[in-house]
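Student: Structure below; questions to follow.
Every read-out reported here was derived from the displayed coordinates using simple, explicitly stated rules and does not represent laboratory data. All of these numbers come straight from a predicted model, not from anything done at the bench. Neighbour counts are summed over all protein chains in view; Cβ atoms, including those assigned to glycine, are modelled from backbone coordinates with ideal geometry.
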């Protein structure tokens, strides 16, 4: 009878250990996914501000139907910060009709997202969990 109880105790400890490890792995994956969602959200905020800036016809405070002015000091022109608590962002490319915004996580440096805007439309967002998108 003592061996059966000891065996049940050992099996219970093993099952509990596996459950704890599985919980830790699931939590880490959820944190990585949450970090990616924060980066995508910020990319879309930057894209929205850039589209608004492009649509303004003010010669001192607007794009006059072009993203080209955002290639240098783009974040100051749209009044946004290039860094948040979660990530660093960069306007990777800015032409008259196309804008590319990239973001890279501080906590998980291999996580990044890149958003593509053509004219007044956000075309797509590419995400990478394996260092495919790096912001210097």
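Student: Out of everything in region 64-76 that is touching a strand residue (DSSP E or B) at 6+ places or on another chain (Cβ under 9 Å) and assigned to a loop (DSSP other than H, G, I, E, B), what residue ends up being surrounded by the most Cβ atoms within 10 Å (Cβ to Cβ)?
Tutor: 67
Student: Does any residue of region 2-17 turn out to be over 14 Å from the mean Cα position of the chain (by Cα), without any contact (Cβ under 8 Å) to a residue 40 or more places away in the chain and within 25 Å of residue 85 (Cβ to Cβ)?
Tutor: The answer is no; no qualifying residue exists.
Student: Look at region 108-118 and say how many of its residues are surrounded by fewer than 16 Cβ atoms within 10 Å (Cβ to Cβ), touching a strand residue (DSSP E or B) at 6+ places or on another chain (Cβ under 8 Å) and assigned to a loop (DSSP other than H, G, I, E, B).
Tutor: Residues flagged as surrounded by fewer than 16 Cβ atoms within 10 Å (Cβ to Cβ), touching a strand residue (DSSP E or B) at 6+ places or on another chain (Cβ under 8 Å) and assigned to a loop (DSSP other than H, G, I, E, B) within region 108-118 amount to 1.
Student: If I ask for residues that are surrounded by 15 or more Cβ atoms within 10 Å (Cβ to Cβ) and either under 19 Å from the mean Cα position of the chain (by Cα) or in contact (Cβ under 8 Å) with a residue 24 or more places away in the chain (or both), which ones from region 46-63 would you list?
Tutor: 46, 47, 49, 50, 51, 53, 54
Student: If I go through region 90-107 residue by residue, how many of them are in a strand (DSSP E or B) and within 19 Å of residue 68 (Cβ to Cβ)?
Tutor: Residues that pass the stated criteria total 10.
Student: Here is a further query. Give 91, 39 a once-over and let me know the one that is in contact (Cβ under 8 Å) with a residue 12 or more places away in the chain, over 17 Å from residue 131 (Cβ atoms) and either under 11 Å from the mean Cα position of the chain (by Cα) or surrounded by 14 or more Cβ atoms within 10 Å (Cβ to Cβ) (or both).
Tutor: Just one listed residue meets the conditions, 91.
Student: Given 71, 66, 97, 93, which one is more than 30 Å from residue 31 (Cα to Cα) and in contact with a helix residue (DSSP H, G or I) (Cβ under 8 Å, 6 or more places away or on another chain)?
Tutor: Only one candidate passes the filter, namely 66.
Student: Determine which single condition residue 79 fails, assuming it passes every other condition in (1) surrounded by 13 or more Cβ atoms within 10 Å (Cβ to Cβ); (2) under 24 Å from the mean Cα position of the chain (by Cα).
Tutor: (1)
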